[in-house]
1. With charges only on Cβ, +1 for K and R and -1 for D and E, what is the dipole size of the chain about its Cα centre, in debye, rounded to 20?
2. Rounded, prolate or oblate for the stretch 399-439? Axes are the square roots of the Cα gyration tensor eigenvalues, ordered a ≥ b ≥ c, and the cut-off for rounded is a/c under 1.5.
3. Run the dipole for the stretch 484-630 about the Cα centre, Lys and Arg Cβ at +1, Asp and Glu Cβ at -1, nothing else charged, and hand back the magnitude in debye, nearest 20.
4. Taking all protein chains as present, what is the carbon and sulfur share of the accessible area of the stretch 48-127, in % to the nearest whole number, probe 1.4 Å?
5. Could you tell me which residue out of Val90, Gly522, Ser243 lies farthest along the dipole of the chain toward its positive end? Charges go on the beta carbon: Lys and Arg +1, Asp and Glu -1, centred on the Cα centre.
6. Roughly how far apart, in whole Å, are the Cα centres of the stretch 258-300 and the stretch 538-573?
7. With the alpha-carbon atoms as the only input, what is the per residue convex hull volume for the stretch 117-243 in Å³?
8. To one decimal place, what Kirkwood hydrodynamic radius in Å is obtained for the stretch 16-145 from all pairs of distinct Cα atoms?
Amino acid sequence: MARSAPSISAFVSGELSPRLEGRVTLEKYQTGLADLTNMIVLPQGGATRRPGTEFVGEVKSSSVKNRLIPFQYKTTDTYVLVFGNQTMRVIRNGSQVLNSTSKTISGATKASPGVLTATSHGFSNGDEIYIDSVSGMTELNGRNYLVANVTTHTFTLTDLFGTAINTTDFTTYTSGGTATEIFEVASPYTEAHLPNVNFAQSADTMYLVHPSYAIRTLTRSAHNNWTFATASISGSPSPGLASSDNYPSVVSFFEQRLVFGNSNNNPQTLWFSQNGSYLNFTVGTDADDALIYTIASNTVDSIRWLSATRVLTVGTSGGEYVVTASNDGPVTPTTTLIRKYSNYGSAQVPPVQVADVTLFLQRGGRKVREFKYVGDVDASGYQAPDMTILAEHITDGGIEALAFQQEPDSIVWCVRADGTLLGLTYRREEQVVAWHKHTLGGVFGSGNAVVESIATLPTDSGEDDLYMIVKRTINSVTKRYVEKLKTFDFGSAATGSFFVDSGLSYSGSATTSLSGLYHLQGQTASVLGNGASHPTKTVASGGITTDFSVTTAAVGLGFTSSMKTLRLESGSVDGTSQGKPKRIHAVTVRLFETVGVEVGTSSSSVERIPFRDSSMAMDTAVSLFTGDKDIEFTGGFDDDQDRIYVQQTQALPLTVLALFPRLNTFDI
């Protein structure tokens, strides 16, 4: 019997394919995992729990699949556009945008349902409004409602589940209050067409294209003043961009030109505007003139996407091309060159740019490829290696969307067809290419919550924002919520952590009553109170009652974060240790700013490592722990005794830097 103490000191290969279980000599096997769920790989090598998501608001209609589109005015003023079926709402800096004018409330009865008075309010049944600043009947404040039973000067309310608001037991109304509609604007796009809308933004104007719709501009004049308009395209001869059901499918800016591509009748054609005149497509031979270029190929390879960096990369159904100039200057009508560099073919999903690399989805939707410059354009050119080759299982079913969150840890987020959120920690300069998967808290039907759309926005706060639309079954009703991933850096104490989904936080005077949770009505909520784990609570009447007074809290849907190692290869004095009986008898877990963790050989065989002793009050936070924790394993020499499983089920932080098992191996 041989004893060994291997070191698992990094996880920079992320979750690896089950097909690699036998390649124990592969270098990446030593830094890979068999499972990594609701945790991300840090560029430094460790694995940390992903933050929870903060509830932002419900979409206009939860019966409709919505789409998020980012709009960056500046890094301190960012917007997410929420497109539904011919509607658009706006999220600004993490909050729903309201109309610019509010209606003053002058009365509210105590009745079932309560009747509110607002002279000449102008609301219609079904309008969604936000009520605030009511005196006396303060129970009305700080939440969204649907308007019902309107008259010229009065209306009643329902919650967003359609239940009438009974104000009988509310405090008596005394004065004031405002009712403000959620801002929205009519959009030309139907639900069925939203996935194939493409866009490009310049300053306050966004250009949107779809082959079945005329080219549109979307202009921001203020945070609650947005205007759609049909773009007025000029050109001589006619550029062919304005005929019915024959509009362009893709759009990008490149070298001060607006570039369109792929109409139904011309799927391989690119249209470049005049330099600095984005809607003028008058062609000519002068350097500033517009130009039209049709890609020549042996098959009809429709253009799927455009990606502008130092060059313009063109993804088609049959291969990937690069647009450059013959004289190493800007593209002009007489110097433009288009070369093909790979034959993989692209899916109809917009790519993401990471530094000078374009990551795109291969035709078929399973492989993410890295289109990168590897030398002189005229010689070695570009390559497109497969980023999923070691984790092909993780994209099973296909990917539907990509988004890149540069800060803090350079993660490419993906929406899988089944609604699973995937992450790829991508730091090529440090050789970190690590996949991880994420299941959001809550359920949809009998399965997991479903992520349907994602969008990222850069900020100056040190962490970029990731927004998502999540579909769940809440109180037996299908709900689609816009949520925002909380920051990874929560500070130096557990009181600032947020590890619940669709959650809300509280900070204020001591209380046992936490309200505002109407969106989680009837759900079992995880609770962190004063930085300490708290028993779960069922949300009733939009709130919960805690077991002890709290001054800080995070309440939402719980989720489990877990990681499982591959089979250990260590300890044999006679060849490989694979296939030989092993027993892990102890593990040292090296942690960083962690409270609460369970360790074992599987999810059904774990033991909780203690962080709190009998002298500590249960309603106060345990200090974040950095260092080593030891745990003994009690199992025998079974087949499943050569793996280490780590999980966190409480609403508390977990970062694993390394694992140091001690095991015995029988050479038989």
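The values are calculated or read from the model by the stated rules, or taken from the named source; none is laboratory data. For clarity, every value in this text was computed on a predicted model and none was experimentally measured. Reconstructed Cβ throughout: ideal geometry from the backbone, glycine too, with neighbour counts over all protein chains shown. To get the accessible areas, we keep the full protein, side chains included, count just its heavy atoms, and leave off ligands, DNA and RNA. Shrake-Rupley method; radii C 1.70, N 1.55, O 1.52, S 1.80 Å.
1. Using only the charged Cβ atoms, the result is roughly 720 debye.
2. Judged from the Cα gyration tensor, the stretch 399-439 comes out prolate (a/c at least 1.5, a/b above b/c).
3. That gives the stretch 484-630 a dipole magnitude of about 340 debye.
4. In the stretch 48-127, the share of accessible area belonging to carbon and sulfur is 41 percent.
5. Final value for the positive-end residue is Gly522.
6. Cα centroid of the stretch 258-300 versus Cα centroid of the stretch 538-573: 53 Å apart.
7. 161
8. By the Kirkwood definition, the hydrodynamic radius is 20.0 Å.
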